[in-house]
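A.B. asks: Dumping the structure here so I can ask a few things about it.
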Amino acid sequence: MDKTNQFHSFWGITLIVLVCLFGGMLFWSLWHIPEYSEGLSAMVTKHMPDSGVKSEVTAILLNFRGYDTLLEVAVLFAALLGAYQISPMHLDKSMVQSNPIMLYLIQYLVPIIILVSGYILWLGGHAAGGAFQAGAVLAGAGVLLLIVRPDSLNLKHSVYLNFILIIGPLIFTLFAFLPILTGGTILEYPRQLVGIMILLIEAASTLSIGFTLMLLFAGGRPPSGDN
Amino acid sequence: MNFLPLLILIPLTGAFLSFLLPRYEKFISLTVITFLAFITLYLGNIVFHNGPIKLVAGGWSIPLGIGLYADGLTILMLSLTCTVAIAVSIYALFYFDSHKQTSDNKDITKSWWPVWMLLLSALNALFVAADAFNLYVTLELMGLSAVALIALEKKAIAAALRYLFIGLLGSMFYLFGIGLLYALFGTVDIIELTHKIQSTPTTLVSMVLITGGLLLKTALFPVHFWLPPAHANAPAPVSAVLSALVVKAAFYTLLRLWLGPFELLVSDLVIQLLGILGASAILWGSFQALFAQRLKLVIAYSTVAQLGYLFLFFPFYHIENANTIAWYGIIWIALSHGLAKAGLFLAAGNILHAYGHDNIHGLKGTSQYLPITLFAIGLACINLMGLPPSGAFLGKWLLLNAAFVSGQWWWAIILLLGGVLAAAYSFRILLFAFQNDDNNIRIHKPHGLMQWSALGLTIGAVLLGIFSDHLLILLSSGAKFGGLNLTEILR
Amino acid sequence: MNLPFFYACFGILIFLIGLIGLTLQPHILKKLISLNIMGSGIFLVFVALAKRAGLSADPIPHAMVLTGLVVSVSATALGIILAIRVKQLYGKAELPEDGR
């Protein structure tokens with residue numbers, strides 16, 4: 001305790017001073033940023049008709065800068081793989097909330113949440129929404145189930161679970177690869193199929209992201225299945 | 001057909017399929033690597049003859065879409081990745097199987113192959129990236145995959161967590177810097193930024209942030225403290241990839257940004273500072289390596305030192321002719337260090353496998369039981385010392401030239417000191433390893449291919465010094481500096 | 001000073017608070033939360049500066065923030081799972097001092 005106090009008094013003060021200097025530098029840099037700047041919004045608006053969706057953010061995420069999103073989906077998968085290596089799934093008894101109120105509520109909550117997730121996925125085509133948001137909501141349903149009725153999901157490490165986990169990234173990668181075969185470049189959607197391809201990618205990704213986040217909450221790899 | 005993006009898409013697919021079908025993961029991974037090897041060779045041929053490759057993902061135009069770019073430097077880094085990947089994968093075929101028997105958790109779902117494929121795609125994506133935000137995502141993918149791989153070893157869990165923190169901190173600074181640049185210039189494409197950059201306070205701050213973030217990830221002195229525990233405690237093939245490729249990737253990003261957008265902003269103070277930090281890294285790292293008790297720890301500190309050499313390019317940044325020579329020099333050091341260090345870590349893994357420990361004092365008998373491994377260690381040490389005919393010799397010699405051509409002769413002293421210290425810690429290892437063992441210790445001899453893959457890499461490091469002509473020409477393709485005429489320097 | 005810059009200043013402030021938390025707090029979970037706070041600060045700066053375009057904000061930084069969020073979530077998840085394992089192995093949820 002004494003050591004912590006000394007630590008806090010000397011190094012703490014130096015640190016706060018350094019951070020203040022650093023912060024001052026950041027504020028100073030902010031001061032010199034021009035007040036008005038369109039950025040790339042004009043360019044985005046110009047290419048919107050070719051993008052296949054009506055929401056600008058979705059167009060950027062899944063079309064203009066879709067390559068980044070592909071890597072980002074891989075990042076989420078990497079985190080899951082990391083979790084798999086480090087520890088098995090552990091749901092403490094203390095986390096389980098199997099009381100009658102919750103047991104009753106989730107019968108209604110979980111289906112509604114799944115519906116909302118599907119709606120958000122659909123919404124992404126023309127407003128704020130999309131795969132990640134829908135996936136997060138879906139994961140919420142999964143987390144509820146894990147906490148209230150852990151045995152209902154019966155998560156086992158099986159080919160089916162693995163398939164759901166990778167179907168999103170795999171379809172995304174496939175659709176990124178297909179244009180290369182026909183002489184184009186990566187992720188260059190064919191004009192007529194843009195909308196449907198983006199929808200497929202988002203739908204598959206919602207599933208994968210939802211389950212991935214749920215498993216990350218559960219803390220690691222599920223117990224081995226029978227196969 | 002557009003082969004460049006395949007370098008990223010194929011390992012990604014491999015990762016997903018390996019996860020789905022664990023029984024075929026080795027076959028899938030080896031197939032992926034074979035494809036990568038052929039594609040890299042093919043792309044190298046194109047860049048050698050036709051110059052850099054440029055394309056934009058999605059077929060959009062540049063500031064909107066994400067640009068990909070491959071010039072000589074890119075191809076060389078991709079080739080380094082591929083070579084190390086081949087050797088490490090062959091090694092891993094045997095390394096992880098035998099460890100499964102000794103590990104305390106026999107759960108069959110633990111596996112390195114899917115994450116390894118993700119790391120490969122992250123590395124490839126990073127080297128071909130021409131978009132600063134894309135670089136952020138690839139750095140994150142690389143970082144998380146690396147953390148996942150380090151965490152395969154129980155002893156390395158704390159080191160993995162520390163690496164995660166440092167990596168995230170670095171990424172945050174980098175992201176902040178990119179955000180400021182976008183706010184000013186409305187683009188995150190590196191080539192566009194190079195044209196549009198102006199020297200304003202905001203761009204200076206942005207440069208400080210981005211450089212700081214990348215220095216954290218490159219483990220430059222004094223923020224190198226996360227590297228030795230992480231590289232020393234990780235499983236041997238993981239250490240090899242980390243030291244050879246992952247830290248180089250962060251440095252590569254720094255180099256690209258400094259030779260591109262930040263060119264106008266670079267001041268003499270900053271470049272000398274980086275040079276001083278690099279020199280400190282060389283001295284401090286070598287010093288620590290001299291006193292470390294475990295073989296893998298020695299090698300990890302040696303990485304800290306060798307990374308310092310790379311920063312010796314910066315003091316020559318503004319000086320005509322010297323900067324060209326120095327640039328070629330550090331690239332050669334980076335490439336040969338990558339090969340040698342990977343081979344050295346694989347060799348250390350062999351020793352760990354055979355003896356059950358990697359204590360320096362317990363290395364006796366290596367010449368009797370593991371001659372191939374010892375030969376690999378010897379070759380790697382030749383490279384670390386910078387003795388001819390290794391690739392590192394060529395690199396160091398070029399740096400020495402740059403030091404004299406520019407009149408900054410003091411860096412030559414650092415280079416020589418670094419070599420002497422490297423010799424010291426190398427001989428320390430070899431001294432113990434060459435002792436004969438009379439007691440006939442029981443060892444688990446590693447599979448032959450494990451030893452040969454280590455040797456193959458270190459031979460490659462030596463070959464880089466001997467057969468450098470074509471590669472030097474390749475490096476000049478699309479380079480900011482002109483070609484390098486070795487014969488002219490020899491005069 | 002107009003509205004976007006006002007928010008951006010707050011973003012920087014939040015970033016600095018997270019930075020102090022990261023360096024001063026020894027407990028791993030608090031470090032992770034501090035990292036998240038730093039991320040939130042940066043994202044706020046991004047989004048605030050995007051609003052400089054007037055009524056219809058520049059959507060590109062919004063997409064970048066979304067990407068950054070997912071990356072942040074992934075890293076935090078991995079960090080938490082590592083933290084639990086560190087606690088299991090070493091008894092307390094702090095990074096071991098001796099650089100192990």
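The values are calculated or read from the model by the stated rules, or taken from the named source; none is laboratory data. This is a predicted model, so every value here is computed, not measured. Cβ sites come from the backbone with ideal geometry, for glycine too, and all protein chains shown count toward neighbours.
A.B. asks: So, in the range B:405-454, how many residues would count as being over 19 Å from B:Leu290 (Cα atoms), surrounded by 14 or more Cβ atoms within 10 Å (Cβ to Cβ) and modelled with pLDDT of 85 or more?
C.D. replies: Residues in the range B:405-454 being over 19 Å from B:Leu290 (Cα atoms), surrounded by 14 or more Cβ atoms within 10 Å (Cβ to Cβ) and modelled with pLDDT of 85 or more: 11 in total.
For every residue, the table says whether it meets (1) away from chain B (no Cβ under 13 Å); (2) of a type in the set (A, V, I, L, M).
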residue	(1), (2)
A:Met48	no, yes
A:Phe64	no, no
A:Asp68	no, no
A:Pro88	no, no
A:Ser94	yes, no
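A.B. asks: I need the full set of residues from the range B:143-163 which are facing chain A (nearest Cβ under 9 Å), among the aliphatic types (A, V, I, L, M) and assigned to a helix (DSSP H, G or I), in order please.
C.D. replies: Across the range B:143-163, the qualifying residues are B:Leu144, B:Val147, B:Ala148, B:Leu149, B:Ile157, B:Ala160.
A.B. asks: For the range B:126-139, give me the residue count where each residue is over 16 Å from the mean Cα position of the chain (by Cα), part of a helix (DSSP H, G or I) and facing chain A (nearest Cβ under 9 Å).
C.D. replies: Counting residues in the range B:126-139 that are over 16 Å from the mean Cα position of the chain (by Cα), part of a helix (DSSP H, G or I) and facing chain A (nearest Cβ under 9 Å) gives 4.
A.B. asks: Among the residues of the range B:51-74, write down those that are part of a loop (DSSP other than H, G, I, E, B), within 13 Å of chain A (Cβ to nearest Cβ) and not aromatic (Phe, Trp, Tyr).
C.D. replies: B:Gly58, B:Gly59, B:Ser61, B:Ile62, B:Pro63, B:Leu64, B:Gly65
A.B. asks: OK, next. Go through the range C:12-44 and count every residue that is of a type outside the set (A, V, I, L, M, F, W, C), farther than 18 Å from A:Gly12 by Cα and away from chain A (no Cβ under 12 Å).
C.D. replies: Counting residues in the range C:12-44 that are of a type outside the set (A, V, I, L, M, F, W, C), farther than 18 Å from A:Gly12 by Cα and away from chain A (no Cβ under 12 Å) gives 3.
A.B. asks: Just give me the residues in the range B:355-376 being of a type in the set (Ser, Thr, Tyr) and either at positive phi or crowded, with 24+ Cβ neighbours inside 10 Å (or both), in sequence order.
C.D. replies: Matches in the range B:355-376: B:Thr366, B:Thr373.
A.B. asks: Here's a follow-up. Against the conditions (1) more than 13 Å from chain A (Cβ to nearest Cβ); (2) surrounded by fewer than 22 Cβ atoms within 10 Å (Cβ to Cβ); (3) in contact with a Phe, Trp or Tyr (Cβ under 8 Å, 6 or more places away or on another chain), where does B:Met77 fall short? Just the number, please.
C.D. replies: (2)
A.B. asks: What is the residue count in the range B:173-215 for residues that are at pLDDT 95 or above and closer than 21 Å to B:Leu55 by Cα?
C.D. replies: Number of matching residues: 0.
A.B. asks: Just to be sure before I move on: is B:Val266 under 19 Å from the mean Cα position of the chain (by Cα) and more than 23 Å from B:Leu394 (Cβ to Cβ) in the structure I sent?
C.D. replies: Considered against the rule, which asks whether it is under 19 Å from the mean Cα position of the chain (by Cα) and more than 23 Å from B:Leu394 (Cβ to Cβ), B:Val266 comes out as no.
A.B. asks: Filter the helices (runs of 4 or more DSSP H) completely within the range A:1-113 down to those with at least 1 residues that are farther than 30 Å from B:Pro11 by Cβ.
C.D. replies: A:2-31, A:41-47, A:56-59
A.B. asks: Now for a separate question. So which residues in the range C:30-66 are of a type in the set (S, T, N, Q) and either crowded, with 23+ Cβ neighbours inside 10 Å or under 17 Å from B:Gly167 (Cβ atoms) (or both), if there are any at all?
C.D. replies: C:Ser34, C:Asn36
Yes or no, residue by residue, for (1) in contact (Cβ under 8 Å) with a residue 12 or more places away in the chain; (2) closer than 13 Å to B:Ile333 by Cα:
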position: B:Gly378; (1), (2): yes, no
position: B:Cys381; (1), (2): yes, no
position: B:Gly395; (1), (2): yes, yes
position: B:Leu400; (1), (2): yes, yes
position: B:Val420; (1), (2): no, no
position: B:Leu430; (1), (2): yes, no
position: B:His447; (1), (2): yes, no
position: B:Leu455; (1), (2): yes, no
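A.B. asks: Let me ask something additional. Is there any pair linking a residue in the range B:305-329 that is more than 30 Å from B:Ala292 (Cα to Cα) to one that is among the basic types (Lys, Arg), with Cβ under 6 Å and at least six apart or on different chains, and which?
C.D. replies: none
A.B. asks: Can you tell me how many residues within the range A:189-204 are buried (at least 24 other Cβ atoms within 10 Å of the Cβ) and either in contact with a His (Cβ under 9 Å, 6 or more places away or on another chain) or within 11 Å of another protein chain (Cβ to nearest Cβ) (or both)?
C.D. replies: Residues meeting the conditions: 1.
A.B. asks: Next question, about the same structure. Of the residues B:Ala250, B:Ala244, which is touching a Ser or Thr at 6+ places or on another chain (Cβ under 6 Å) and surrounded by 24 or more Cβ atoms within 10 Å (Cβ to Cβ)?
C.D. replies: Result: B:Ala250 is the single residue among B:Ala250, B:Ala244 that is touching a Ser or Thr at 6+ places or on another chain (Cβ under 6 Å) and surrounded by 24 or more Cβ atoms within 10 Å (Cβ to Cβ).
A.B. asks: Name every residue in the range B:219-235 that is surrounded by fewer than 24 Cβ atoms within 10 Å (Cβ to Cβ), touching a Phe, Trp or Tyr at 6+ places or on another chain (Cβ under 8 Å) and either over 17 Å from B:Ser145 (Cβ atoms) or free of Cβ contacts under 8 Å to residues at least 12 places away in the same chain (or both), in order of residue number.
C.D. replies: B:Phe221
A.B. asks: Sticking with this one: Can you find even one residue in the range B:185-196 that is within 23 Å of B:Ala129 (Cα to Cα), within 13 Å of another protein chain (Cβ to nearest Cβ) and among the aliphatic types (A, V, I, L, M)?
C.D. replies: yes
A.B. asks: Right, another one. Check B:Leu352, B:Leu335, B:Leu346, B:Leu384 and return the single one that is hydrophobic (A, V, I, L, M, F, W, C), within 25 Å of B:Leu245 (Cβ to Cβ) and surrounded by fewer than 24 Cβ atoms within 10 Å (Cβ to Cβ).
C.D. replies: B:Leu352
A.B. asks: Another question, then. Scan the range C:72-86 and tell me whether some residue there is of a type outside the set (Gly, Ala, Ser), more than 7 Å from chain A (Cβ to nearest Cβ), touching a helix residue (DSSP H, G or I) at 6+ places or on another chain (Cβ under 8 Å) and within 17 Å of B:Lys154 (Cβ to Cβ).
C.D. replies: Yes; the residues of the range C:72-86 include at least one that is of a type outside the set (Gly, Ala, Ser), more than 7 Å from chain A (Cβ to nearest Cβ), touching a helix residue (DSSP H, G or I) at 6+ places or on another chain (Cβ under 8 Å) and within 17 Å of B:Lys154 (Cβ to Cβ).
A.B. asks: Still on this model: Restricting the first residue to the range C:29-40 and requiring it to be closer than 17 Å to C:Val70 by Cα, which pairs with a second residue that is in a helix (DSSP H, G or I) and of a type in the set (Ser, Thr, Tyr) meet a Cβ separation below 7 Å and a spacing of at least six or different chains?
C.D. replies: Here the result reads C:Leu32/C:Thr76; C:Asn36/C:Ser72; C:Asn36/C:Thr76; C:Gly39/C:Ser72, each pair linking the range C:29-40 to a residue that is in a helix (DSSP H, G or I) and of a type in the set (Ser, Thr, Tyr).
A.B. asks: If you check A:Ala136, A:Ala127, which single one turns out to be more than 8 Å from every other protein chain (Cβ to nearest Cβ), surrounded by fewer than 19 Cβ atoms within 10 Å (Cβ to Cβ) and under 20 Å from B:Glu140 (Cβ atoms)?
C.D. replies: Within the list A:Ala136, A:Ala127, the selection yields A:Ala136.
A.B. asks: Would you say A:Leu161 is more than 9 Å from chain B (Cβ to nearest Cβ) and either surrounded by fewer than 21 Cβ atoms within 10 Å (Cβ to Cβ) or within 20 Å of the chain's Cα centre (by Cα) (or both)?
C.D. replies: Here the answer is yes, as A:Leu161 does meet what is asked.
A.B. asks: Mind checking whether some residue in the range A:206-222 is within 10 Å of chain B (Cβ to nearest Cβ), over 21 Å from B:Leu20 (Cα atoms) and either touching a helix residue (DSSP H, G or I) at 6+ places or on another chain (Cβ under 8 Å) or not in a strand (DSSP E or B) (or both)?
C.D. replies: So far as the range A:206-222 goes, no, none of its residues is within 10 Å of chain B (Cβ to nearest Cβ), over 21 Å from B:Leu20 (Cα atoms) and either touching a helix residue (DSSP H, G or I) at 6+ places or on another chain (Cβ under 8 Å) or not in a strand (DSSP E or B) (or both).
A.B. asks: Do you know which residues across the range B:200-215 are away from chain A (no Cβ under 11 Å) and hydroxyl-bearing (Ser, Thr, Tyr)?
C.D. replies: Listed by number, the list holds a single entry, B:Thr211.
A.B. asks: Could you tell me how many of the residues in the range A:102-150 are among the small types (Gly, Ala, Ser) and modelled with pLDDT of 90 or more?
C.D. replies: Matching residues across the range A:102-150 total 10.
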